[in-house]
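> Below you will find the structure I want to go over with you.
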Amino acid sequence: MRIAVCIKQVPDTETKIKLKPDQSGIEPTGVKWVINPYDEHAIEEGIKIRDSNAGSSVLVFCLGPKGRCSEALRTALAMGADEAVVIDAPEFLDTSLTGRALAAALKKEGAFDLVLTGRHAIDDNAASVGQILAGELGIPHATVISKLTLNGGVATVEREIEGGTKEIFEISLPALLAANKGLNTPRYASLPGIMKAKKKTIKEVSLNDLGVDPAKGAFRYAEFRLPPEKPAVKILAGDVKTQSHELARLLREEAKVL
C-alpha cells in the first residue's frame with residue numbers, strides 16, 4: 001500500500017500567544033511549533049498499517065513555511081515515516097487553497113491507496129481541509145475515526161457521532177480518513193529514528209510548482225483578538241450561612257443572573 005499522511009504544524013498549547021501590532025495574525029517570533037496532536041494519530045496509524053502490510057510505504061506532506069514545517073516532517077520521519085514532502089506556502093492560507101495545494105502535491109507523487117489526516121487542527125478548528133482534499137482527489141472520506149480495520153480494498157471504520165454514540169460503516173479504498181484521539185497511541189521518536197531522519201531528504205515543492213496561486217480565491221482573517229481576561233476569583237469567607245447569603249447577593253447584584 002501507498003499511504004499518504006497530511007499534517008499541520010500548530011503553536012504548542014502552552015505557548016504564550018501574542019498578536020502582531022496590526023492585529024493581522026499571530027506574531028510567530030518566540031512561538032513553539034509542534035505537530036498538530038490529531039495528526040500524530042494519523043502518522044501512527046499510517047506506520048502501523050505499513051508495518052502490517054509488507055512492501056507498503058508512508059509519505060508525509062506538510063504545507064507552510066518550509067523552514068519551519070521541515071522540523072515537523074523530521075519528527076514524522078523520526079517516528080518511522082519513509083518519505084516527506086514540504087509544500088512551501090505563506091504563513092496563513094485558507095482551507096480551500098490548502099486542500100487544493102495538498103491534492104496537487106499528492107497527485108504529483110502518484111496514486112495513494114489511503115490518505116490519513118487529523119480530524120481538525122487545534123489552532124483554527126476549521127475541520128474542513130480533509131473534506132476539501134478528498135473532494136479534490138475524488139475519493140470517499142470519513143472523519144472522527146476512532147477505530148480502523150482494513151480488509152483488502154475495504155476499510156471498516158468506527159467513528160464518534162453526537163450523543164456519545166458511534167457509527168460503523170465500510171468504505172472502499174482509495175479513501176481519506178481523519179483520525180480522532182483514541183484511534184491509537186502515537187509513538188515517541190526514538191534516538192535511532194532521530195539520527196536516521198537527519199539523513200533523509202525532504203522533497204520541496206512550491207505553490208507555483210503545483211499551479212496554485214495564493215492570490216486567487218484566497219481570503220484572509222483580519223483584526224485578530226485575544227479573548228478577554230477572566231475576572232479574578234472571589235473567595236467567600238465566613239460560615240456556610242454567611243457564604244450562602246453573600247453568594248446570592250453576588251449572583252443577583254454583580255453577575256445579574258438572579
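The values are calculated or read from the model by the stated rules, or taken from the named source; none is laboratory data. Values in this document were obtained by computation on a predicted structure and should not be read as measured data. Positions of Cβ are backbone-derived with ideal geometry, glycine not excepted, and every protein chain shown enters the neighbour counts.
> Which of the residues spanning the stretch 1-50 are of a type in the set (A, V, I, L, M, F, W, C), part of a loop (DSSP other than H, G, I, E, B) and touching a Gly at 6+ places or on another chain (Cβ under 9 Å)?
M1
> A further question on this structure: For the condition of a type in the set (S, T, Y) and free of Cβ contacts under 8 Å to residues at least 60 places away in the same chain, what is the one hit in T185, T242?
Values: T185 fails: free of Cβ contacts under 8 Å to residues at least 60 places away in the same chain.
T242 is the lone residue from the list that is of a type in the set (S, T, Y) and free of Cβ contacts under 8 Å to residues at least 60 places away in the same chain.
> Also: Identify all residues within the stretch 132-142 that are outside any strand (DSSP E or B) and either touching a residue at least 40 places away in the same chain (Cβ under 8 Å) or among the aliphatic types (A, V, I, L, M) (or both); write none if there are none.
I132, L133, A134, L137, I139
> Step by step: first the residues of the stretch 122-136, then only those that are at pLDDT below 95 and in contact with a Pro (Cβ under 9 Å, 6 or more places away or on another chain), then the one that is surrounded by the fewest Cβ atoms within 10 Å (Cβ to Cβ). Which residue is that?
D123
> Out of the residues in the stretch 30-72 meeting the condition of being among the aromatic types (F, W, Y) and at pLDDT 95 or above, tell me which one is farthest from A121 (Cα to Cα).
In this case the residue turns out to be F61.
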